[in-house]
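First up is the structure itself, then whatever we jot down about it.
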Amino acid sequence: MILFVGSNPSHLNYDPLVPFAGSKSEKSFKEWADFLAPEGYKVINAVDKVTEKNRRIDSSEINILDFKAKIMDNNPTRIIALGNTAATALEMAGEDFFKLPHPSPLNRFLNNKVYLNAVLEECKKWLSTH
């Protein structure tokens, strides 16, 4: 089972415990997840805290024991980080993962469709070889 890891909920989420649901990142995330894990996936956030004005989570705010427990509860075969903060949390937890850009429409890298398609294809290849 593929586990996607985000950083923390957006203030736009319908429910802070359901990553990306209702956020501006939801559409891109679902497209990527359906492409990379058509057989199914799960998604968690490193931190379940909504921050004021959607500020980035600082690494000191990540409770590694809680985060590792969430990972273990999902028993993933592969893990994909969605952005830098999620990647930092996974590094802190000592997990093996593939890092994708964050699916936010504000992420300027997503404007480059050649880059985005290449990263998604690289991730799909990584999933099949690990």
| message | Condition first: part of a loop (DSSP other than H, G, I, E, B) and at pLDDT below 95. Now tell me which residues in the stretch 79-100 satisfy that. | response | Gly83
| task | Among the numbered conditions (1) over 21 Å from Ser23 (Cβ atoms); (2) touching a Ser or Thr at 6+ places or on another chain (Cβ under 7 Å); (3) among the aliphatic types (A, V, I, L, M), tell me where Ala86 comes up short. | result | (1)
| query | Picking from Ile80, Ile71, which residue would you name as being out of contact with any Ser or Thr (no Cβ under 9 Å at 6 or more places or on another chain) and either of a type outside the set (Val, Ile, Thr) or under 19 Å from Ser23 (Cβ atoms) (or both)? | reply | Ile80
| query | So, in the stretch 1-24, of the ones that are hydroxyl-bearing (Ser, Thr, Tyr) and under 14 Å from the mean Cα position of the chain (by Cα), which residue ends up modelled with the lowest pLDDT? | reply | Ser10
| When you go through Leu106, Leu127, Leu65 one by one, which is the residue that is in contact (Cβ under 8 Å) with a residue 12 or more places away in the chain and outside any loop (DSSP other than H, G, I, E, B)? | Leu127
| query | Taking the stretch 30-59 on its own, how many of its residues are part of a helix (DSSP H, G or I) and under 13 Å from Ser7 (Cα atoms)? | reply | 2
| note | The condition from (1) modelled with pLDDT under 95; (2) assigned to a helix (DSSP H, G or I) that Glu121 misses is numbered (1)
| remark: The condition of being on the phi < 0 side of the Ramachandran plot and crowded, with 18+ Cβ neighbours inside 10 Å holds, among Leu36, Leu110, Leu65, Leu106, only for Leu36
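The values are calculated or read from the model by the stated rules, or taken from the named source; none is laboratory data. Keep in mind that what you see is a predicted model, and the values were worked out from it rather than measured. Neighbour counts are summed over all protein chains in view; Cβ atoms, including those assigned to glycine, are modelled from backbone coordinates with ideal geometry.
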